[in-house]
Amino acid sequence: MESPSVDNTRWLFDKSRFQAQGYIHLPSFVHGAELAALQAEVLALISNPALMVPREGSEHFFKKYQSTSYCYVDRHEHVPTLAALIEHPRLRHIVRELLPEDGRFHASLVQYHKAGEGQAIPWHQDIDPETVGAGQMFNFLLYPFDTSLESGALHVVEGSHGNKRLPSGEPHGDLPGQKQLCPKAGDLVITDCTLFHKVNHNTSGRDRMSINMRFRNGALDRKQTSVGIYRNGRVNYAG
Ligand SMILES: O=C(O)CCC(=O)C(=O)O
Ligand SMILES: [Fe+2]
């Protein structure tokens, strides 16, 4: 007989499904006053360009990889609801399911695709699958506002996580088996960092934002987590 707590766990997070797919979509993870606070704080954050990662000198990166979002890294003092979310018991429960030995918070990223600028993130893997592999680092993506096909769906290739690198080709070109997710406000999407994923161009008249809380196995060192894979090259974010 399974205990009720095991049933609760299944309801919250189906680990075997996650491990088979490489991602899982949990609707309405955050709602009500918490979601309203997150929305207000994220809007305040993106209204302050001084807080984003400087773009000067990165023109080559934007052009080559066609990754054009405005990015805010670890701005927790400006988004206290995000700081609280990282310690959220339900979220930490899932982190423990995924990384029972040593699940550590790694970094947060707020990605901002401004209305009217056609911004996008091409196919990528957040870490090098050949050196790290699946099950070591995860994105917990929280969407403060509704997304749509026009503002930028999260595209994923189910089951692509593991030790394989993305096939070379067009940065945004279609991949076999790709699926489109359009998370609603408050939804959480968890992905393995080796999963093939991208965000298509924001052609809508609405801003598109995502909040990424990244967790890693504490046994990984910085060198293993600083390389991202694109279809036309690999990037060492550490420089
Ligand atoms: O904005 C999204 O939906 C995905 C962002 C992403 O790929 C990332 O933060 O690694
Ligand atoms: Fe990513």
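List of remarks:
- Helices meeting the span-like rule in the chain (full DSSP H runs, Cα extent of at least 15 Å along the helix axis, mean Kyte-Doolittle score of -0.5 or higher): 32-46.
- Restraint check, 63/184; 114/164; 15/64; 114/198; 179/223, Cα-Cα greater than 25 Å: 63/184; 114/164; 15/64; 179/223
- At q = 0.16, 0.18 Å⁻¹ the log10 of I(q)/I(0) for the chain amounts to -1.23, -1.63, computed by Debye summation with a single uniform scatterer per C-alpha, solvent ignored.
- Heavy-atom accessible surface of the range 17-236: percent carbon and sulfur, 1.4 Å: 51
- One chain, two ends: residue 71 and residue 88. Fully extended at 0.36 nm per residue, the span grows by 3.8 nm beyond their Cα-Cα distance.
- Heavy-atom accessible area, probed at 1.4 angstrom with all protein chains present, ranks 172, 113 as 172, 113, highest first.
- For the chain, calculated [θ]222 nm from helices alone, where every DSSP H run of n ≥ 4 adds -39500 (n - 2.57): -7000 deg cm²/dmol
- Maximal additional length on extending the residue 232-residue 148 stretch stands at 27.6 nm, based on 0.36 nm per residue less the C-alpha distance.
- Taken along the Cα-to-beta-carbon direction at a fixed 7 Å, the label points for residue 130 and residue 223 span 1.6 nm.
- Mean accessible surface per residue for the range 125-227, computed with a 1.4 Å probe while every protein chain stays in place, in Å²: 36
The values are calculated or read from the model by the stated rules, or taken from the named source; none is laboratory data. This structure is a prediction, so every number in the text was calculated from the model and none was measured. Reconstructed Cβ throughout: ideal geometry from the backbone, glycine too, with neighbour counts over all protein chains shown. Keep in mind that these areas ignore ligands, DNA and RNA; they rest on the heavy atoms of the full protein, side chains included. Shrake-Rupley method; radii C 1.70, N 1.55, O 1.52, S 1.80 Å.
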